Amino acid sequence: MFPPIHRPRRNRRSAALRDLTRETVLTAADLVQPLFLHADAEDTPLESLPGQTRWSPDGLLGAAERALEAGVRAVVLFPKIADELKDSRGTEVANEDGLIPRTLRALKERMPELALITDVALDPYSSDGHDGVVAEDGRILNDETVEILCRQALVQARAGADVIAPSDMMDGRVAAIREALDGEGFEEVAILSYTAKYASAFYGPFRGALDSAPKAGDKKTYQMDPGNQREALRELMLDESEGADMVMVKPAGPYLDVIAAVREHTQLPVAAYQVSGEYLMIEAAARSGWLDREAVALESLLGIKRAGADVILTYHATEVAGLLGR
Ligand code: PBG
């Protein structure tokens, strides 16, 4: 039929009509800022993650304050632990006066309105660079690891974490952590489970930032195979039954179908993590003058939200929030 009766362009004719008919809107309140920190007094720009910094304890407070001022209401913390504190069982995770608990207390005192999310996994603390305890034959021991993760979660909760985010992919850890938290009266502390965390090459720059790459082997016996989507729904079912409050898909951009599938199968809030490699692809292209970084950063996040994410972790959070607020 020509000329056409149906003209979708009518709704695109003006900015007012486009704004009126937009289906997905990204807001600063959707975003979580990941922050790297160490115990050193200097703020160190990260070579493996240009534009990001490994903050000193003081520097971190400043970065959190800037995030909050831009409209980002949640941060997630990733510590670089000194080599001499690392061992095969990640003993330092149980230190009530370790880098993470000290930082949580300082943040809570300074910015009580900021939501504090903490990562639960052994890799930054492990001399083997794995998320779990490594047996002599190289296997990652599930149940032994979960016991340690529970201690780690408790230390974080006591220090003021609002949301505990296990990123280790051990089986049964959500239920175990829930029980441990409730056992100490932390019923109100939420669990954001890394439900579908894939064994991804996109984590490379992050491991450089924390010096947390596995010393031997890879993470394929616990993180998911990138070819699998149905398995993500199985992990979702388990995490829901174990009491997760929010579920996560990670990475985000190359796994939009998984975000959409998880969205369709749960009533829980869905989070997605735009990981270090995704961030770096945008930064690298922008720094070469090949892409418009602000526009591409915004569009990549909008795509993740449109796919079904309610919550997005992104290294661009503070900057994008600033753009959205303009
Ligand atoms: C560690 C952890 C990783 C990331 C978040 N938590 C790395 C890994 O599993 O090796 C990756 C984040 C990123 O790449 O931005 N459990």
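Table for the structure above
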| quantity | calculated |
| --- | --- |
| Label-point separation in nm, SER48 to LEU323, each point 7 Å along Cα→Cβ | 2.6 nm |
| Cut-off under 5 Å, modelled amide H: who pairs with LEU313 long-range | VAL32, ALA272, TYR273, GLN274 |
| Accessible solvent surface per residue of the chain, calculated while the other protein chains remain in place, 1.4 angstrom probe, Å² | 47 Å² |
| Where labels lie 7 Å past Cα in the beta-carbon direction, separation of ARG287 and ASP58 in nm | 2.7 nm |
| Rh by Kirkwood over Cα pairs, then Stokes-Einstein D for region 97-208 at 0.692 mPa s and 37 °C, µm²/s | 223 µm²/s |
| Kirkwood-based shape ratio for the chain, expressed as Rg/Rh from alpha carbons | 0.99 |
| Within region 53-120, GluC sites (Glu not before Pro) in DSSP loop having at most 15 other beta-carbon neighbours inside 10 Å | GLU96, GLU113 |
| Angle in degrees between helix 142-159 and the longest Cα principal axis of the chain, rounded to the nearest 10 | 80 degrees |
| Cβ charges +1 (Lys, Arg) and -1 (Asp, Glu), total dipole of region 160-270, debye | 640 debye |
| Tensor-based shape of region 177-326 (alpha-carbon gyration tensor, a/c under 1.5 rounded, otherwise prolate or oblate) | prolate |
| Accessible area, probe 1.4 Å, largest first, for residues ARG105, ARG22, ARG287 | ARG287, ARG22, ARG105 |
| Among PHE202, ALA175, ALA165 the positive-end extreme of the charge dipole of the chain (Cβ point charges) | PHE202 |
| Simple Cβ-charge dipole of the chain, Lys/Arg +1 and Asp/Glu -1, about Cα centre, in debye nearest 20 | 1940 debye |
| Additional length obtainable on full extension of the chain from GLU184 to ALA213, 0.36 nm per residue less Cα span | 7.1 nm |
| Total lysine pairs under 22 Å (Cα atoms) in region 26-246, excluding pairs fewer than 8 apart on one chain | 9 |
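The values are calculated or read from the model by the stated rules, or taken from the named source; none is laboratory data. From a predicted model like this one, the values you see are computed outputs, not experimental measurements. Using ideal geometry, Cβ is built from the backbone for each residue, glycine included, and neighbour counts are taken over all protein chains shown. The accessibility values were calculated without ligands, DNA or RNA, using every heavy atom of the protein model including side chains. Shrake-Rupley method; radii C 1.70, N 1.55, O 1.52, S 1.80 Å.
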